[in-house]
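Before any comments, here is the structure.
No value in this document is a laboratory result; all are computed from the given coordinates. Since the model is a prediction, treat every value here as computed from it, not as a measurement. A quick note on method: Cβ atoms are made from the backbone with ideal geometry, for glycine too, and the neighbour counts reach across all protein chains shown.
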Amino acid sequence: MAAIAHPLNRRWIAIALLLVTIAGCAIPPVRWSVSGLASCRQRFGRNPADARLAEAQSLLAEAQRASLCGDERCVDLYFQAASLSWCELEAGVSNVDRSAATAFEVYHAAVSELVFQGQRFARFHPSRGLHVRTSDGDQHVPLANLGSRWQPDQFDSLILTDRPHSKRLNRYHRRDGFGVPVIAARERREGERFMKPRQLSSATVVLRRSDALDGAASPTMMLELLDPLQTRSVAVGSEAFPMTADYSAPVKLGLENGSTIDLLRAFVQPWQTRPAESGLFMIQPYQPGKIPVLFVHGLLSDSLTWANAINELRVQDDLESRYQFWAYQYPTGEPFLQSAARLRRELTELRAMVDPVGVDPALDHVLIVGHSMGGLVGKLQVTQSDDRLWRAVASRPFSEFIVDPEGRERISGMMFFEPSPMVSRVVFIGTPHQGSFWAEGCTGKLAAGLVRESPEVRDRHQRVLEANPGMFTSELSRRVPNSVDLLNPSSNLLRTIESLPIAPHVTYHSIIGRGRWMPGVGDTDGVVPVTSSQLSGATTQTSVTSGHTRMTSDPQLIWQLMDIMREHAARMPTPAADSVMSVVAAAQR
């Protein structure tokens with residue numbers, strides 16, 4: 001888990017350090033029980049508010065001193081401080097005065113530390129709740145996972161968010177309010193083939209008084225883990241207040257955890273990419289009735305290239321209510337024909353898993369958004385090859401091809417295919433339909449030479465050539481063409497892919513990068529010429545003034561993508577999500 005500085009009020013740190021200096025690390029015993037919160041007014045006599053607030057402040061200072069000393073009793077003290085300040089807020093948070101502001105401050109500082117220190121001392125787990133010790137004995141504080149797409153026991157840890165700042169995000173989306181914003185992290189479980197190895201989700205923690213639970217005689221405290229994409233307010237007493245939300249924190253943490261070394265490895269040694277690190281995955285669990293937007297990255301890139309786009313799209317209420325986000329990650333050094341074949345197969349397998357009888361109409365309207373080479377991977381999902389690709393590299397029919405059964409199946413999947421019935425729209429972004437001058441120049445030749453074949457692939461390729469003498473063109477005889485080879489404008493395979501017609505039922509758009517004029521090439525995005533990005537028959541063909549690698553983060557492009565998504569959603573009737581969910585669940589049983 002990445003270490004993130006947790007927000008802690010500086011004033012309380014100063015108080016805690018002063019107390020540590022004066023009193024050392026002697027921590028007083030737990031003084032009171034929270035099981036009788038219903039009578040907290042009686043406990044403090046005629047003026048309960050001042051007494052509650054004073055004791056909450058004192059408990060918070062003691063808790064901070066204990067945490068600095070490494071004493072796990074800080075968990076109990078933070079819980080007491082948060083519980084008392086909740087009492088104060090519930091009783092009179094509508095009074096906008098100094099005491100209400102102080103109670104608000106104490107509550108959030110205490111709950112933040114409760115999450116952090118509770119996990120530090122193994123007293124809190126996001127799927128099991130909190131364990132506290134009071135003068136009445138040990139108590140279990142349950143945790144309810146409300147409004148989340150995940151099941152209650154699905155999270156492994158909660159990470160406190162730091163201040164909203166990231167140089168790699170165009171905008172940081174955060175709403176101040178009630179509750180403590182966290183990143184809910186979970187590792188992929190066995191059998192969750194189409195989930196990321198590690199998922200990060202926005203969540204907000206609230207500690208509140210609840211009605212009696214499990215037969216308890218009086219109200220008790222409970223924790224709530226809320227999804228800010230589905231919950232916007234928190235009831236405190238008789239009023240509702242905006243709930244704190246940090247929508248961008250998971251995106252930011254994902255960017256911080258990205259590795260340039262991994263990108264280079266996936267390019268230079270694509271065969272060493274572990275299966276768990278590539279393939280089709282859902283960013284959140286499958287949501288029946290929502291249209292999938294499938295993002296496909298380009299060369300020397302990964303799914304993080306879509307961070308800014310996803311950061312903006314998921315906070316648009318109308319889009320979030322209609323769409324779910326998927327991504328396809330693949331080692332970019334391998335031939336993109338191979339990557340496209342795997343995506344076709346995995347789309348079919350994912351649907352068979354989540355919608356086995358095909359009752360969710362949203363899965364017939366997948367929208368693919370492909371950048372650069374990812375656009376070519378996307379195009380190969382909506383075209384029909386017949387035998388054109390095979391004839392582009394071989395002089396004899398496929399039936400005369402001599403190869404073992406495994407090799408025949410693998411090559412057949414790359415060379416012979418039909419449009420995916422799941423995809424109905426594609427957005428091409430800076431896609432080199434006619435190749436890139438970069439691939440045919442010295443830099444491209446150097447890059448192509450860096451890509452290494454596995455010994456197994458090299459040996460298998462040699463056996464195929466020996467078994468089929470004179471059958472293949474030089475493009476395939478020299479070596480198995482890697483991704484850079486296939487982006488060369490002189491590639492016969494690329495020219496054939498360009499000529500493949502897109503299925504009539506598919507709507508497609510082209511967004512072109514321009515503004516980098518180059519001698520002998522003309523207007524480009526620095527990598528792909530405008531003429532190569534253009535695609536006849538596109539419903540819309542627009543442009544942005546942006547460099548090739550920055551296109552996916554360009555604000556103008558993201559707004560264009562939003563418009564396309566709204567048009568796409570408008571053409572599909574809004575389903576009754578509950579009814580689709582019940583039908584899908586029945587089919588899965």
Within 10 Å of each residue's Cβ, count the other Cβ atoms and sort Val141, Val357, Val115 from fewest upward.
Val357, Val141, Val115
Mean projected area, convex hull of alpha-carbon positions in region 395-460, reported to one decimal in nm², is 7.8 nm²
Sorted peptide list for 291-299, 435-443, criterion being average Cβ within 10 angstrom, highest first
291-299, 435-443
Could you check the spin-label model distance between Glu320 and Thr443? Points 7 Å from the Cα along Cα→Cβ, value in nm.
3.9 nm
Take the alpha carbon atoms of region 282-315, find their center, do the same for region 156-206, and report the distance between the two centers in whole angstrom.
15 Å
Contact order relative to length of the chain, as percent, for alpha carbon pairs under 8 angstrom and 6 or more apart
11 percent
Can you give me the relative contact order of region 304-405 as a percent, contacts being Cα pairs under 8 Å and 6 or more apart?
20 percent
Gained length - Arg120 relative to Glu466, 0.36 nm times residue gap less alpha-carbon distance
118.4 nm
So what's the net charge close to Ala249: Lys and Arg +1, Asp and Glu -1, counting the other residues with Cβ under 11 Å from its Cβ?
0
Mind listing the Cα extents of the chain along all three principal axes, in Å, largest one first?
97, 52, 46
D (Stokes-Einstein, µm²/s), Kirkwood Cα radius, region 259-583, 0.692 mPa s at 37 °C
161 µm²/s
Cβ-defined net charge surrounding Phe336, 11 Å radius [Lys, Arg +1; Asp, Glu -1]:
0
What percent do you get for the relative contact order of region 254-327 when only Cα pairs under 8 Å and 6+ apart count?
42 percent
For Leu263, net neighbour charge (Lys/Arg +1, Asp/Glu -1) across residues whose Cβ lies under 13 Å away:
-2
Met562-Gln230 pseudo-label distance in nm [points 7 Å out on the Cα-to-Cβ vector]:
2.4 nm
Applying the span-like rule to the chain (DSSP H, Cα extent along axis at least 24 Å, Kyte-Doolittle mean at least 0.5) gives 74-92
So, with +1 on the Cβ of K and R and -1 on the Cβ of D and E, and no other charges, what is the size of the charge dipole of the chain about its Cα centre, to the nearest 20 debye?
680 debye
Arrange the peptides 544-552, 163-171, 422-430, 306-314 so that the one whose residues have, on average, the most other Cβ atoms within 10 Å appears first.
422-430, 306-314, 544-552, 163-171
Asserting the computed 222 nm helical MRE of the chain (DSSP H runs at least 4 long, -39500 (n - 2.57) per run, divided by residue count, to nearest 500) equals -11500 deg cm²/dmol
Could I have the simple spin-label model distance between Ser536 and Arg198, label points 7 Å from Cα toward Cβ, reported in nm to one decimal?
4.9 nm
